[in-house]
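The values are calculated or read from the model by the stated rules, or taken from the named source; none is laboratory data. Here the structure is a predicted model, which means the values were calculated and not measured. Reconstructed Cβ throughout: ideal geometry from the backbone, glycine too, with neighbour counts over all protein chains shown.
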């Protein structure tokens with residue numbers, strides 16, 4: 001937060017400002033000099049006015065402003081409150097330009113996430129005690145704000161209300177693949193535009209189309225930064241009520257649009273730090289222990305890795321969001337993916353390490369190819385920390401995991417069960433040591449008596465919890481694994 005306690009500071013700001021006017025911009029005037037500055041009003045309490053100018057947030061004592069400035073501030077805040085409560089004509093116009101029913105009768109942040117998702121036809125991906133998500137991989141004829149997104153995700157908070165809306169447009173992983181190109185659909189929507197032939201052209205064109213559409217409704221954008229430390233990036237911002245539209249492009253990487261509450265955008269996406277003691281308490285609350293000896297972690301968000309098979313980015317997103325670190329699987333994938341597809345897991349890990357470090361957490365590498373055993377698993381699971389496991393997802397392995405998971409739900413004698421699956425593991429494990437179908441998923445639990453591990457894949461709810469014998473897991477382990485820890 002930047003404070004402007006002296007008139008000279010405001011004068012300096014006035015000298016460097018080139019304000020952009022919009023429906024929510026207010027002119028404030030300095031008492032001592034009579035100079036005016038156009039700003040976005042954020043709040044007014046305890047004798048201080050809070051506003052945004054040139055992409056930064058300031059606080060200024062009310063006695064530095066003229067009385068008519070304070071009147072305009074109060075009127076702007078009252079009008080903003082009415083706009084938030086009912087978006088009215090602007091909301092209808094926004095829906096028309098988006099080509100979809102983004103807004104209902106009130107702010108997105110005041111609606112149930114499920115209702116918003118149903119209105120936008122976003123399939124539910126996950127719903128846990130403290131989070132939810134809805135994700136769509138749109139067909140090639142799907143356009144939003146004039147451009148074709150490859151992935152749309154609505155994230156819900158602990159109250160199961162929307163907290164952010166992410167759209168990823170032209171990106172390195174998808175450009176050049178046949179999926180979603182939709183040349184015919186593009187020409188129908190934009191007959192005057194040439195279809196881009198390079199990734200850079202696609203990124204620039206999508207950004208231009210989205211910016212033009214938003215500016216038609218909300219005026220010219222402001223520039224600001226969003227994100228923390230390694231994740232910090234320059235964005236263009238438009239506001240509609242208490243919704244901030246943040247458009248960002250990364251050279252040779254992607255174009256993305258993020259819709260968040262204005263207060264989140266004002267804070268540049270910084271999230272509240274959770275102390276280790278509080279995090280440990282939350283994780284301990286997610287640990288489940290059953291009468292049969294099963295110990296497993298609940299409330300890990302599910303993420304659908306999608307048609308391009310982004311298993312590693314999806315698994316990292318699951319782990320990061322479980323640790324209260326915001327993450328978007330598709331953007332993680334783009335940064336660590338070669339043009340056209342193929343994720344580099346170590347590059348992904350390095351990128352995630354930088355983001356995780358900014359939240360005072362660590363990504364530890366585990367040599368599971370050498371020491372995958374119940375002792376290692378128990379060390380992390382008992383703390384409520386899932387393990388990211390690199391393995392080979394072979395057909396025989398999946399057949400055993402699926403069959404045994406169904407069968408064990410009806411088991412009454414787990415001593416006999418332990419003997420049965422141990423015999424099976426001894427017989428089939430040698431034939432599973434095949435370096436193919438490389439994959440990454442999670443180990444989220446164990447049963448010490450039966451020597452089983454609970455595994456979770458980013459393939460949807462039916463793969464959220466499966467059980468395999470530890471010797472079978474050892475046989476298909478490839479390079480190792482990771483944990484996000486303190």
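Would you point out the residue of region 303-316, among those that are under 17 Å from residue 443 (Cβ atoms) and within 12 Å of the chain's Cα centre (by Cα), that is surrounded by the fewest Cβ atoms within 10 Å (Cβ to Cβ)?
Residue satisfying both the conditions and the ranking: 314.
Filter region 420-471 down to residues that are out of contact with any helix residue (DSSP H, G or I) (no Cβ under 7 Å at 6 or more places or on another chain) and at positive phi and give me whichever is modelled with the lowest pLDDT.
460
Please determine, by comparing only the residues of region 34-50 that are in contact with a helix residue (DSSP H, G or I) (Cβ under 6 Å, 6 or more places away or on another chain) and at pLDDT 85 or above, which one is nearest to residue 64 (Cα to Cα).
49
Take region 239-262 and flag every residue that is farther than 21 Å from residue 172 by Cα and in contact (Cβ under 8 Å) with a residue 40 or more places away in the chain.
Of everything in region 239-262, those that are farther than 21 Å from residue 172 by Cα and in contact (Cβ under 8 Å) with a residue 40 or more places away in the chain turn out to be 239, 240, 241, 242, 243, 259, 260, 261, 262.
Tell me, which residue of region 156-205 that is on the phi > 0 side of the Ramachandran plot and at pLDDT below 90 is surrounded by the most Cβ atoms within 10 Å (Cβ to Cβ)?
It comes out as 180.
Taking interchain pairs and intrachain pairs at least six residues apart, which have beta carbon atoms under 6 angstrom, with the first residue in region 187-211 and more than 19 Å from residue 238 (Cβ to Cβ) and the second exposed (fewer than 15 other Cβ atoms within 10 Å of the Cβ) and modelled with pLDDT under 95?
These pairs meet every condition: 195/183.
Can you go through 116, 168 and tell me which one is part of a helix (DSSP H, G or I), under 24 Å from residue 213 (Cβ atoms) and touching a residue at least 12 places away in the same chain (Cβ under 8 Å)?
116
For region 458-486, what are the residues that are within 22 Å of the chain's Cα centre (by Cα), in a helix (DSSP H, G or I) and within 26 Å of residue 423 (Cα to Cα)?
463
In this structure, does residue 393 turn out to be touching a strand residue (DSSP E or B) at 6+ places or on another chain (Cβ under 7 Å) and under 17 Å from residue 309 (Cβ atoms)?
yes
Which strands (runs of 3 or more DSSP E) sit wholly inside region 339-454 and have at least 2 residues that are more than 25 Å from the chain's Cα centre (by Cα) and buried (at least 21 other Cβ atoms within 10 Å of the Cβ)?
Output list reads 438-447.
If you check residue 72 against the conditions, is it assigned to a helix (DSSP H, G or I) and either in contact with a strand residue (DSSP E or B) (Cβ under 6 Å, 6 or more places away or on another chain) or surrounded by fewer than 16 Cβ atoms within 10 Å (Cβ to Cβ) (or both)?
So residue 72 passes the test.
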